[in-house]
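Derivation of every value follows stated rules applied to the coordinates shown; laboratory data play no part. Fair warning: this is a prediction, and the values are worked out from it, not measured in the lab. Note: ideal-geometry Cβ built from the backbone for every residue, glycine included; neighbour counts use all protein chains shown.
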């Protein structure tokens, strides 16, 4: 037998913004009510925006003061008299809804994927808890959150921009981070002069069930193994710690082919693990003394050089993204030679910009 939680059924739609205290009238069916309390002015505005966006209606602000917010439905007087008025109660220090005409009696004429109140600021405030919990949240997760909360599907670019804004609100702007960096470095040098950092690595044991050792030498140094799935042949040199797959040399860990060779001949595979993965090297990380940084107000005043961000390396907000990598002789694709036209054979332009190309653009140039 199942029981119904009647209190949960009549919970307010905006519980994170409403400060439900004694004597406060709870909202039913996601509606506002006279006497509902909010902590901040921004909470009131965001709740009204969320209400109208989820119902596909819009409103006009008639009064927006530091102590009052008054809004009406766009079509007020033409069949729907929806309005809301909230004021700041100074003695109690919270906002309270003083006037509310009830639910909307109008219906939305057309279904659209755009709403005037669903701007980037509204989405930024809505996804801020998600960004605080996981700064690396996927853009598609943000789109799904906006869809579930506002019943609108935002574009990928808009969701990506709002994620950047939300991260800047939580962790600060990138320009401010550049200016704060030397202050932190100076404080770390003063607090932890002998501190050091070391990297640790996780070791993963690969499965060797589908690898067969074909042949090996008498010294158990050279092996030839075969992968059963595709018949690939790999050569393993345990003396030089090399395998054709490349993982053994780069990661300095026995790959699956090395493990298969060791299992075939009864060798100890741990001998071929680099010292950096061993426990005595990992314990060296904790030899350094940890000194708490303390409150920033107790740090010595920084009077050194000011770090200025390089604007040319910033990600482009419009148009095609620019590459911010430092190129070298290996980047042959990016360091290509001059362009050659396939029509006239001249150097310095491509086919799309050739003056001999027939078309309206070339006719105007003549």
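Odds and ends about this structure:
- Counted residue by residue at 0.36 nm each, then reduced by the alpha carbon distance between them, the extension gain from residue 153 to residue 232 reaches 23.7 nm.
- If you plug the beta carbon distance of residue 116 and residue 242 into 1/(1 + (r/R0)^6) with R0 = 51 Å, you get a FRET efficiency near 0.20.
- Using a simple spin-label model with pseudo-atoms 7 Å out from Cα toward Cβ, residue 273 and residue 218 lie 3.3 nm apart.
- Subtracting the Cα-Cα distance of residue 33 and residue 285 from their residue separation scaled by 0.36 nm leaves 84.9 nm.
- Efficiency of FRET from Cβ geometry, residue 310 and residue 173, R₀ 22 Å, rounded to 0.05: 0.90
- Within region 211-282, the proportion of Cα pairs with more than 15 Å between them is 51 percent.
- Proxy reagent accessibility, fewest Cβ within 10 Å first, across 189, 167: 189, 167
- Computed FRET value (nearest 0.05) for residue 340 with residue 74, which takes r as the C-beta separation and R₀ as 56 Å: 0.40
- Distance between the 7 Å Cα→Cβ label points at residue 90 and residue 320: 6.0 nm.
- Pairwise alpha-carbon distances in region 120-171 exceed 15 Å for 31% of all pairs.
- With the simple spin-label model, which puts each label point 7 Å out from Cα in the Cβ direction, the residue 352 to residue 295 separation comes to 5.9 nm.
- Spin-label zone in region 142-163 - amide nitrogen under 19 Å from a point set 7 Å from the Cα of residue 103 along the C-beta vector: 150-151
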